[in-house]
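Q: Attaching a single structure in structure tokens format; questions to follow.
Derivation of every value follows stated rules applied to the coordinates shown; laboratory data play no part. Quick caveat: nothing in here was measured; it's all calculated off a predicted structure. Here Cβ is always computed from backbone atoms with ideal geometry, including for glycine, and neighbour counts include all displayed protein chains.
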Amino acid sequence: MTSATSLPGLEERHAELGTLRLRYLTGGAGDPVLLLHGLAGAAANWAELLPAAVDRYRVLAPDLPGHGRSGRLAARADMTAFADVAAQLLERESAAPALVVGHSFGGLVALRLAHRRPDLVRGLLLVAPAGIRSGARAARAAILASGFVRPARWVAPFRHRYADRAWYRRALFQPFFVSDAAALSPTATLGFLEGSTQHIDLRTAGRALVVDDPRSDLEHVRCPVVIVWGARDPQLPLEDAFEYARRLRAKLRLVADCGHFVIGERPRACLDALDELARL
């Protein structure tokens, strides 16, 4: 089984952004699209969506700072620092204004980017964005623990051997991440695990996430927004989806029988939402 990032039409690049070395994938042609993964994720998380996306868009998919093969930010960096990195990448690649797609933590980065640099963002596709209940005590403990323990690190070395085994996917992803792990594809499994052995700093992102509350700034986001949410997301409640949609005046798409990893469980639903956003 090939690497999740060994996909036709994609090129691996590195950008020196000040003291930060950012690794990213790029490919395709057309309207620019920036893909921002979740906490403890990497560019490869988009493995199921990338082949179709590069057929119709110019795609940029970075490993966010501290993740995958990218360098780290300062230890006390906040969400605006992550958004500024995304802005620098768009400017470096002359890819603005872009359609910005953010999953979970990446959704919060995307919101901060749209608020700080509206000139760079044509529209937002937020897939189960974090930010509203992330500061709750239980959620905060789980997020911060992931930065110290990094449980996927211990099982990822076996991913190429077992990614096509339902029991392996079920043990890793169900019920906290997906609704039906047996239906998750081997490609998606590889994509979610590929960067986990390379992360150098998840704590900074986790701390930035749990102290950030975007709600006071949502009214200032003026670009079109589409939200996609798994109807059975065990991490983020549907109430958060409705609150985001109301505050952002956004279209909301609920995906039946789907958990938090919507981009891997239902990539077609995400791509359809991106196409809808591109038409707005």
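Q: By how many nm would the segment from Ala171 to Asp275 lengthen if fully extended, with 0.36 nm per residue of separation less the alpha-carbon distance? Each step should come with its number before you reach the end.
A: Numbers: separation 104, 0.36 × 104 = 37.44 nm, distance 3.34 nm.
Full extension from Ala171 to Asp275 adds 34.1 nm.
Q: Here's a follow-up. For the peptides 242-250, 105-113, 11-19, 65-73, what is the packing order when you average, over each peptide's residues, the other Cβ atoms within 10 Å and list the highest mean first?
A: 105-113, 65-73, 242-250, 11-19
Q: Rounded to the nearest 5, what is the percent of antiparallel bridges among the DSSP beta bridges in region 10-279?
A: Here the share of antiparallel DSSP bridges comes out near 35 percent.
Q: Here's a follow-up. Taking +1 at the Cβ of each Lys and Arg and -1 at the Cβ of each Asp and Glu, which of Gly41, Ser70, Trp167 sits farthest along the dipole of region 10-279 towards its positive end, judged by Cα position relative to the Cα centre?
A: Most positive-ward Cα: Trp167.
Q: Follow-up. List the residues whose amide H sits under 5 Å from the amide H of His199, counting only those 5 or more places along or on another chain, with H placed 1.01 Å from N in the peptide plane.
A: Result for His199 returns Gly68.
Q: How high is the relative contact order of the chain, given as a whole-number percent (alpha carbon pairs under 8 Å, six or more residues apart)? Could the numbers behind the result be given before it?
A: Values: 620 pairs, mean separation 63.0, N = 280.
Relative contact order comes out at 23 percent.
Q: So, in Å, what gap is there between the alpha-carbon centers of region 200-247 and region 9-46?
A: 21
Q: Computed from these coordinates, which is Kirkwood radius over Cα pairs in Å: (i) 18.2; (ii) 20.7; (iii) 24.0?
A: Step by step, Kirkwood radius over Cα pairs in Å for this structure corresponds to label (i).
Q: Separate question: Which of the peptides 75-86, 118-129 is most tightly packed, and how do the rest follow, going by the mean number of other Cβ atoms within 10 Å of each residue?
A: Per-residue mean Cβ counts within 10 Å order the peptides as 118-129, 75-86.
Q: What distance in nm lies between label points placed 7 Å from Cα along the C-beta direction at Ser185 and Arg268?
A: Once both label points are built, they end up 1.1 nm from each other.
Q: Given a Förster distance of 45 angstrom, what is the FRET efficiency for Arg246 paired with Glu16, based on the Cβ-Cβ distance and rounded to 0.05?
A: FRET efficiency, Arg246 to Glu16: 0.65.
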